[in-house]
Every structure is written in C-alpha cells, then in structure tokens.
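Below you'll find the structure, written out as structure tokens, and then a few comments.
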Amino acid sequence: MASLGIQNVTKKFGSVTAIDSLSLGIDGPELVALLGPSGCGKTTLLRMIAGFVDVTAGKIMIGDRNVTDMPANKRNTGMIFQTYALFPHMTVGENVGFGLEMRKVPKAEREAKVKEVLTLVHLDGYEDRYPKQMSGGQRQRVAIARALVIRPDVFLLDEPLSNLDAVLRQSVGNEIRALQQRLELTSVFVTHDQKEALMLADRLVVMKSGRIMQMGAGDEVYNRPNSRFVANFLGKSNFFPGQCQAENIFRSDSGLEIRCADSGTGVQSATLSVRPESIKLGAEASSLDNTFEGTVERVTYLGSLTEIELRLTTSDLITVQATNLPGARFTSHVGEKVTAGWPSISTHLIAEYGDD
Ligand SMILES: Nc1ncnc2c1ncn2[C@@H]1O[C@H](COP(=O)(O)OP(=O)(O)OP(=O)(O)O)[C@@H](O)[C@H]1O
Ligand SMILES: [Mg+2]
C-alpha cells in the first residue's frame, strides 16, 4: 500500500492536449475509478503513472518517491490491460513469474510466489498451461496474478473487464475488488462503464477532455452531479433550464413552476435536474410536491423497469422510469393523458445554464 499523487500533470501529443493540468491524490488502500468518454485521456493518465508515457509537465509521486522521470520498471506498479497482453509463448507460470525473474528473484522463491498468487486468483495448478488453452476470464486472472506477484505499490487496471461477457464481468470484477481490499492496494481502475465504476470503486473520478469534472463517492456523484455532463454520464436525467426564485421555487424557461430542495440565492439562471426513476405516474404522483399533466409519447419495456416518455403541456419532453413489480406494470398507451409527479427532495440544482 502506498499513496499516489498526481500534481498538475499535462500530456501533449503534438497539438493534442490529452491530459490538461490534472491533479489527483489517493491515500492508502483505495480503489479509484476513472470514468469518461472515449478519448478523454484515461489510458494516457494510467500509462503516465506506470511510466510508459512521459509527462509534458507536472509531477507524479508514489509514496514519497518522485517517479516523474523514473523508468517504468523502477516504479513498482502493476498494470493490467483490456487485452490481457500475456506472452503467448510462455506458460502461465512463466508469465506470472516474469516480473520476479526481471528482479532476479531466485527460482525456488519465484515458484513459491507464483503458486501463492495463482491460488489468490483461483488458478491453482495452472502453471504449465499456455494462454491459448484458457478462457478469457482465466487469462485475465493470469494477468491479474502477473501484476500482483511483484506486490505493486500501485495497481493500475485499464478496462480489465471489457472483453468479458456480462456474467464473467461481474465475477472477475468482484474478485478484483476482493483482492484489492485484502492486499490493501492503492488502485486506479479505468472504465467506460458507469455500473462497473459504481459497483467497484470507493471513489469515482469523472473526466472530460483531459480534465477532472467531478470526483467523490458513487452516491455523491450520482445524486449531486456538478454539471449536466456528469449527470448525463452517470445515468440519465431530465434537465429544466430556468431561474431560481424565492422560497425553493424554480421556474423553468418553458413555464413549469417546480418546488425544489435547493434554494437559489435570488434570481439566477441554472438547470434543475430530476432523475427519471424519481418521477411517479398516475395515482402515485398526485400527492407529491410537483405534479404536471402530460401525454404518453413512447413506452419501452425493459424487464425490471418500463421507460416512458411524456410530453408535458408546456411541451417539455420528460423521461420516466417505472419499476415493474408483479401485477403492477405500467399499462398506459401512447396518446393517453397521465399525471407525472416528483417530490421536491428529488430535484437537484446545477449551477449551469444552457446546453452542456
Ligand atoms: N500515442 C499517441 N499519439 C498521439 N495522440 C495520442 C496518443 N495516445 C493517445 N492520444 C490522444 O490522446 C487523447 C486521449 O487518449 P486516451 O487513449 O488516453 O483516451 P481514453 O480515455 O483512454 O479513451 P478510450 O476510452 O477510447 O480508451 C485522444 O485524443 C488520443 O487520440
Ligand atoms: Mg483507453
């Protein structure tokens, strides 16, 4: 376990700024998920921590070591990749023992450590197999073993689950989390997938264009997004641009008067966000702080929930997610009029106005 400090780090590839003066600190055995759209700089940041990519400016610390200009093999990081990146001509045992061999660890000690780490990833006795004789999930566990056998100070994972099917994703994800906690590893986990990030991480870092938009615990970032970008990246939301008015009243530009939880100071332009799952329909809606009439425009059945698009009389189009319980499925049809409602506590004010 160590701490990791990224201080004002910038990376430019020619005229492209992949990472833009980014700072991030991790103290101790925490799993931090880097989340963001394709091209926002997640892999670049990870590779700079590992030492595979030079920084253009800024400083990287691992514990009290300044590793900014240190070669990758001296940093003591363990990295795993989306594509496993195992050596195909080496056995599992040789793959996992490779880092130890580079460090000139004697053979007997090396074999003992390889055996121990293979047990950790539930691959006892697989030493003599070749990667091509194993499934995707098993290969990724070999890659995890290879990264962990050196007892890294920092554990780096670049979309390690994205090549696995949904069931394996969950089980290998849970294994990674259990290992990270058991070995108390300082870890950075890159993913596109918000569910994966929410499931595994102590803290989420949402990135856009080489910068951090917001970081915090999953529920904090989900419930209190600081921008439309974050609200939309982590789940879905309904946005109402408008003005804050006195006594927790928000007036949307479209003419809705919405009771809200946050009180703006005086009249200010802002955006009110309401998550689709907090909107109720029909009888359930009628006693809530905010109720509006609308016409159903689309109904999509999604198994555990039904998603409904509703055109309000103000012409706002809102998305509602209704949980499907046995015998209590949403049954309205396109064209029907229904009441939609939500409590003031389900609103969240974003100090941002206009599109994105
Ligand atoms: N070696 C390189 N040379 C030039 N540009 C690069 C290089 N590596 C990355 N970039 C650019 O830097 C930016 C960030 O790329 P990066 O691979 O870090 O994104 P990412 O967030 O990992 O995306 P993805 O989710 O698709 O993996 C992109 O604009 C990319 O084109
Ligand atoms: Mg990437």
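The values are calculated or read from the model by the stated rules, or taken from the named source; none is laboratory data. Predicted model, so just to flag it, every value in this text is computed and none were measured. Please note: Cβ atoms are built from the backbone with ideal geometry, for glycine as well, and neighbour counts cover all protein chains shown. The protein model used for the area step is the full one, side chains on, heavy atoms only, and it has no ligands, DNA or RNA in it. Shrake-Rupley method; radii C 1.70, N 1.55, O 1.52, S 1.80 Å.
Some points to look at:
- The condition of being surrounded by 20 or more Cβ atoms within 10 Å (Cβ to Cβ), closer than 28 Å to Met215 by Cα, within 25 Å of the chain's Cα centre (by Cα) and away from ligand 2 (no atom under 16 Å from the Cβ) does not hold for Gly25.
- Among the residues of segment 170-181, at least one is in contact (Cβ under 8 Å) with a residue 60 or more places away in the chain and surrounded by 17 or more Cβ atoms within 10 Å (Cβ to Cβ).
- Val32 vs. criteria modelled with pLDDT of 95 or more and either within 16 Å of ligand 1 (Cβ to nearest atom) or in contact with a Leu (Cβ under 6 Å, 6 or more places away or on another chain) (or both): yes
- Scoring Thr44 on the criteria (1) among the hydroxyl-bearing types (Ser, Thr, Tyr); (2) open to solvent by less than 30 Å² (accessible area, probe 1.4 Å); (3) part of a loop (DSSP other than H, G, I, E, B); (4) touching a residue at least 24 places away in the same chain (Cβ under 8 Å) leaves a single failure, condition (3).
- Tally, over segment 303-354, of residues that are open to solvent by 60 Å² or more (accessible area, probe 1.4 Å) and either free of Cβ contacts under 8 Å to residues at least 12 places away in the same chain or over 29 Å from the mean Cα position of the chain (by Cα) (or both): 12
- Top-ranked residue in segment 1-29 [being outside any strand (DSSP E or B) and of a type in the set (A, V, I, L, M); ranked as nearest to Asp64 (Cα to Cα)]: Ala2
- The set of residues in segment 198-234 that are of a type in the set (Lys, Arg), farther than 21 Å from Val9 by Cβ and not in a helix (DSSP H, G or I) contains only Arg224.
- For Thr56, the test of being assigned by TED's automatic domain parsing to the domain that holds Leu156, within 14 Å of ligand 2 (Cβ to nearest atom) and surrounded by fewer than 21 Cβ atoms within 10 Å (Cβ to Cβ) is failed.
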